[in-house]
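Just below is one structure, and these are the notes that go with it.
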Amino acid sequence: MKSLKPLIFFFSSIISVCATAQIPTDTLWRDIQKIHLTKTDSAIKLVYQRLKTVVKPDDYDNLSQAHQWIGTTFMKVNMDSATAHAATCLQYAEKAQKPILFAKVYHLQGSINNRMSKFDNAVADFDKGLKALQAEKDTAHKRYKEIYELLLRGMSTAYNYMDKNNEALSYGLKALNFAQKNKLDFPEMAGLIAISSLHFKINDLKEAKKYMLQALQKSLVLKNDLASSKCYANMAIYHNTEKNFDSAYFYQTKGIDLNRKMGNNEGLVNNLTILSAIESDMGKVKEAIAHLEEADKISRELNFELQRFDLLINFCYAFNREKRYTEALQKEDELIALSKKKNRVDKLAKVYKQKYLSLCGLGKYKEATEWLEKSISVSDSIKKEETEKNLQQLLVKYETEKKEEEIKRITTEAQVKDLVIKQRNIQLVSVGVGVIVLLVIAFLVFRSYRIKKEFELLDLKQRFYRAQINPHFLFNALGSVQGFFYDKTDPNKAAGYLSRLSKLMRQILENTFDNQVSLAEEKTLMENYLEIQKVRMGNRFDYTIEMDDDLRDVLIPSMITQPFLENTVEHGFKELSNRKGKINILISEVDNALQIKIEDNGTGLSEKKEPSEHKSRAMDITWERLKLLGKTKKKNANFEVIDNAANGGVGVTVLINLPI
């Protein structure tokens, strides 16, 4: 009695099926769950009673779930009825149009297909269920979490039966991690059992025992006897595989006791079958046969066909070891018929070999040889099929890898082309940007050069202008000095006048080489100039200069005020006869800029005056100087001439605005 792995897979899948019974929450439906374990007819009868007395005809939600329950129950005895109820369940789900209901229907259909060995269909059903759940908005609800975990675990079970161990383990771990993350105790426990069975299948006993012990501890905490019995059975199989018979026997008897306590005959049949294998390996063949007979009786009464495969093969092992060959042949013939009925070719090879041994025991060697040849033929056929299947998988894998390599190559070529195009674009953009930058730099250099040249030219003009003294002014000033010398009554007056004139001349010459002077120096120049003009014109005007002391050191263009003062004196006061002239100069800070205000009470702008080329050229140069200063400082610099007559006054007001 060598192989116990099929029972392991049965236990992991039955957990998924039973988990669908977690939907009802009221007392009646929990009672149905308990009856479901033992008396199928009673469970179905109570469900129908529930449908008639409680569920309304238009309550598609509960109707769908009820038929899901009935379908789950029928999976134990009648797959056609289970399939029919799954179809009815789907009809109600379509009327209710709820993603959760669709997911549950597809889980039921997938579980049925798993039971019927239609594993490809099962995978497709579970995948439909997962896709249906994508439309569910209330993902935080417990119902969503439970069915999502069930679908993942169902997918794992299907791949397990298909011997796609990597896919099975991947989906199994996804289901387990999801259950643990969302604190779903029962699904977590079922997931641990499923992962354990997968590790056992790939001969990783250490990991299999680790996960199964975690599942056992969880089931004991939750006081879930059904799960605990399955954990005990699996632990027994693991220890039996390691030939640790005492531990195997201990765990299996614990499982049997729990199933007897629950009245779970389905689980009891499996536990007794496993126990018989352990006892045979321990040499307790008579005890093994006794337990097999008990399991045989229960399975016949409840028509547990799926469980009878391992039950009958264990009978064959035990009877042959006890040399009860005739009884062994009876069980072997029954197993052959069942294997052909369920199309289980894998079972035929084992039973043919047992029949060969039985016939040899009876001395029927010729007939025995025929069964041995059949056993070898079936085994070879299975191996050939497995080889072809593996070869097909390798071919598919090769073709897949080939396609992936081709896709990768095409993708790489496309990426290279894209990269080349991008590099070209980058180069073009770089060249374009470079050209633009060079043009901007060239423009800025040219602009700077032009401004510099403009400044130099203007500076030369200004120097030339500053070096020039109005000939009339100089002639008249010297004439006044001569007059003072003729007037011998006041010789000091002539000396003082001459001193001021010399200071003014020296300042003008110095300022010829200085682009900027302080306001204090400019004020001194204004005073000297106005004093000389005042004497020259016979005291025909007075003047005042007001300036904040904080502005004394502020730098301004040299002799910026002289043209305006000259214009006031020479033109504003020249023909003034009815009043004494007056000039008021105010230097102050206005709106973060320097303002020089020159106000006079002369004849103003309205009266006709003699045009002066010197005056016009001086004003033009001053305007250019201020314009260039504004460009250099990147601030406003200008002057404004206002005719006071426009506001009912007399004279002219000049506002010179300079950046500080």
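The values are calculated or read from the model by the stated rules, or taken from the named source; none is laboratory data. Note that the structure is predicted; figures quoted are calculated from it, not measured. Here the Cβ is made from the backbone with ideal geometry for all residues, glycine too, and neighbour counts use every protein chain on show. SASA here: full protein model, heavy atoms, side chains in, ligands and nucleic acids out. Shrake-Rupley method; radii C 1.70, N 1.55, O 1.52, S 1.80 Å.
Need one number: nm distance between label points at SER502 and LYS131, each 7 Å from Cα along Cα→Cβ, rounded to one decimal.
The two pseudo-label positions are separated by 11.2 nm.
I need the shape label for segment 62-130. Rule: rounded when a/c is under 1.5, else prolate if a/b > b/c, else oblate, with a, b, c from the alpha carbon gyration tensor. Can you show the working numbers first?
Details: a/c = 2.43, a/b = 1.20, b/c = 2.02.
Judged from the Cα gyration tensor, segment 62-130 comes out oblate (a/c at least 1.5, b/c at or above a/b).
Pop a pseudo-label 7 angstrom from the Cα along the beta-carbon direction at both ILE642 and LYS323 and give the gap in nm to one decimal.
In this crude label model, ILE642 to LYS323 measures out at 14.1 nm.
I need the calculated FRET efficiency for the pair LEU444 and ARG540, taking r as the beta carbon distance and R₀ as 35 Å, to the nearest 0.05.
Values: r = 53 Å, r/R0 = 1.52.
Plugging the Cβ-Cβ distance into 1/(1 + (r/R0)^6) gives 0.10.
Give the peptides 226-237, 147-158 in descending order of average Cβ contacts within 10 Å, highest first.
Working: 226-237: 26.5, 147-158: 28.1.
Highest mean packing first, the order is 147-158, 226-237.
In the full protein assembly as shown, how much of LYS631 is accessible to a 1.4 Å probe, in Å² to the nearest 10?
That residue has around 80 Å² of solvent-accessible surface.
Assuming a ≥ b ≥ c are the square roots of the Cα gyration tensor eigenvalues, decide whether segment 268-388 counts as rounded (a/c under 1.5), prolate (otherwise, with a/b larger than b/c) or oblate.
Numbers: a/c = 1.90, a/b = 1.29, b/c = 1.47.
Oblate, since a/c reaches 1.5 and b/c is not below a/b.
Can you give the accessible area of ASP553 in Å² (nearest 10), computed on protein heavy atoms with a 1.4 Å probe?
The accessible area of ASP553 comes to roughly 130 Å².
Of the peptides 273-281, 571-579, how do they stack up when ordered by the mean number of other Cβ atoms within 10 Å, highest first?
Numbers: 273-281: 26.0, 571-579: 14.6.
Highest mean packing first, the order is 273-281, 571-579.
Assuming R0 = 25 Å, can you tell me the calculated FRET efficiency for the pair ASN492 and LEU586, based on Cβ-Cβ distance, to the nearest 0.05? Intermediate values should be presented prior to the final figure.
Details: r = 33 Å, r/R0 = 1.30.
Between ASN492 and LEU586 the formula returns 0.15.
From largest accessible area down, sort ASP80, ASP127; use a 1.4 Å probe on the protein chains. Could you put the intermediate results ahead of the total?
On the way: ASP80 120, ASP127 55 Å².
Output order, biggest surface exposure first: ASP80, ASP127.
Using label points projected 7 Å from each Cα along Cα→Cβ, tell me how many nm separate ASP59 and LYS286, to one decimal.
The two pseudo-label positions are separated by 5.9 nm.
On a 1.4 Å probe surface of the protein chains, which of TRP69, TRP623, TRP371 comes out largest in accessible area, and what is the full order? All intermediate terms of the calculation are to be shown ahead of the outcome.
Details: TRP69 10, TRP623 115, TRP371 35 Å².
The ranking, largest first, comes out as TRP623, TRP371, TRP69.
First check a/c for segment 92-164, with a ≥ b ≥ c the square roots of the eigenvalues of its C-alpha gyration tensor; if it is under 1.5, answer rounded, and if not, answer prolate when a/b is larger than b/c or oblate otherwise. Provide the component values of the computation, followed by the final result.
Numbers: a/c = 2.67, a/b = 1.72, b/c = 1.55.
Prolate shape, in that a/c is at least 1.5 and a/b is the bigger ratio.
Please find the FRET efficiency linking GLU527 to VAL437, where r is the Cβ-Cβ separation and R0 is fixed at 56 Å, and quote it to the nearest 0.05.
On the way: r = 53 Å, r/R0 = 0.95.
That pair, GLU527 with VAL437, gives E of 0.60.
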